[in-house]
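Report on the following structure.
None of the figures in this text is laboratory data; all of them are computed from the coordinates on show. Small disclaimer: the values here were computed from a predicted structure and weren't measured. Cβ sites come from the backbone with ideal geometry, for glycine too, and all protein chains shown count toward neighbours.
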Amino acid sequence: MAGMAHGDDASAVAFVRRYQRRVFGLAISMIGDAGAAEDVAQEALIRAWRHAPVFDARRGSVTSWVLTITRNLAIDALRMRRAVPTDPDDFVGLGLVSGERSPEERAVSADAFPQVRSALAAVPVEQRRALVLAAVYGRTAAEIAESEAIPLGTAKTRIRAGMAKLRTALAPADGAPATGGGGDER
Amino acid sequence: MTGTPSCEEMRGELAELALGTLTGRERAAVLAHLANCPRCPAELEQLSLAADALVRLAPPAEPPVGFEVRLFDRLGVAPLAAPARRSVAPARLLLAAAAALVAVALAFGAGWVASPGVGTPPRGAGGDFAGRLASARLVGHGPADGEVLVYSADPSWMFMTVADAGRSTEVTCELTTRSGRTVRVGTFWLSRGGYGAWGTALPVPGDQVRSARVVAPDGTVLASAVLRS
């Protein structure tokens, strides 16, 4: 990240090549359309690069920051296109079966992935759907209630119960920093 | 407020705050609680990490052809400033480049620096590579990495790439032979960001090379590799 603040070409190239597969992977997983996913991925990488000087490493990892930018742009793209997002089960399923990651990518997410995978496997499917719709697609409880055809209270219960299970599964054992979003470069 | 029922009751709200699903009024109520609670901010951080982890589940995917070109154009990054893409450049491409370049080197009898589209394969470089070629990944003692190829022929030659060494400087390539002798085979420049590609004919038989090192002027070993056949 040091080179990001300097804005030199070589650093830009290194930054893009480090994150482009993660960014495009999230965009295509959420949107499902390669053209729209490319638009989102390009815009996300450009925004991340241009805002790098104000990135605060104390607030989280670079990967999470870049992916959050990507997620927000993908949500906007889905809303603008009035498109139906990828089914939450498919999104989770894709993540669970992915084995096509390079060593670099495995290093980036080495701590998070197996833990999240096993934690999600233990969450009931209806809670998992609600979690993914909220965390990935930015749906409110009311929107989830509508799309899942369930009462608002039920949607909230599913979100909260699912989140509690996930948080407990990813929690540090004795006050040590959690690994759910950490373990990568800052 | 630590451990009080109000904190326990706030757990669900915190989960939704971490996920960003609260309405404005609900959000305001939770933020008011957080401002006066010594315990819940830490809980919110853990919940936020869990929410982030969900987003990270998406598997990486290769962007469409031309993605980089279009992106670098929008970023105003000159294509020539973009070094070879290590993650998708198989060893055979590196080898092909090396084979093309070695002809130039042999013609001029000295080290050479990579440039595209020149040369033909050298003597002994066509067809029978098996058993003559040793390769290894350069492992950085810092962030640097790269690759080394050593080809045993008459003369033997080597080619190496360096990436992400973090500085623009002249570097020295040193080899260690199987007998333990250190041989300084030449110098080359790393461009801005620490990228470079370089090759030379060797003063020792290629099959006697055990390891290679890239050394900065101050003696720092930027990267090293142990050759395998």
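What ranking do B:THR187, B:THR21 get, fewest neighbouring Cβ atoms within 10 angstrom at the top?
Numbers: B:THR187 14, B:THR21 27.
Neighbour counts put them in this order, fewest first: B:THR187, B:THR21.
Show me the ranking of peptides B:62-70, A:35-43, B:49-57 by mean Cβ neighbours inside 10 Å, starting with the highest.
Working: B:62-70: 14.6, A:35-43: 21.0, B:49-57: 25.3.
In decreasing order of mean packing, B:62-70, A:35-43, B:49-57 become B:49-57, A:35-43, B:62-70.
Return A:MET80, B:MET10, A:MET30 ranked ascending by Cβ neighbour count within 10 Å, so the fewest neighbours appear first.
Details: A:MET80 9, B:MET10 22, A:MET30 27.
Exposure proxy ranking, most exposed first: A:MET80, B:MET10, A:MET30.
So for B:HIS33, A:HIS51, fewest C-beta neighbours within 10 Å to most, what's the order? Walk me through the numbers before you get to the answer.
Values: B:HIS33 19, A:HIS51 12.
Placing the least packed residue first, the sequence is A:HIS51, B:HIS33.
May I ask you to evaluate 6.51 cos²θ - 1.76 cosθ + 1.60, the Karplus curve with θ = phi - 60°, for each residue of the stretch B:34-50 and list the ³J(HN,Hα) values in order in whole Hz, giving x for glycine and proline?
Rounded to whole hertz, the list is 4, 5, 10, 10, x, 9, 5, x, 5, 5, 4, 5, 5, 5, 5, 5, 5.
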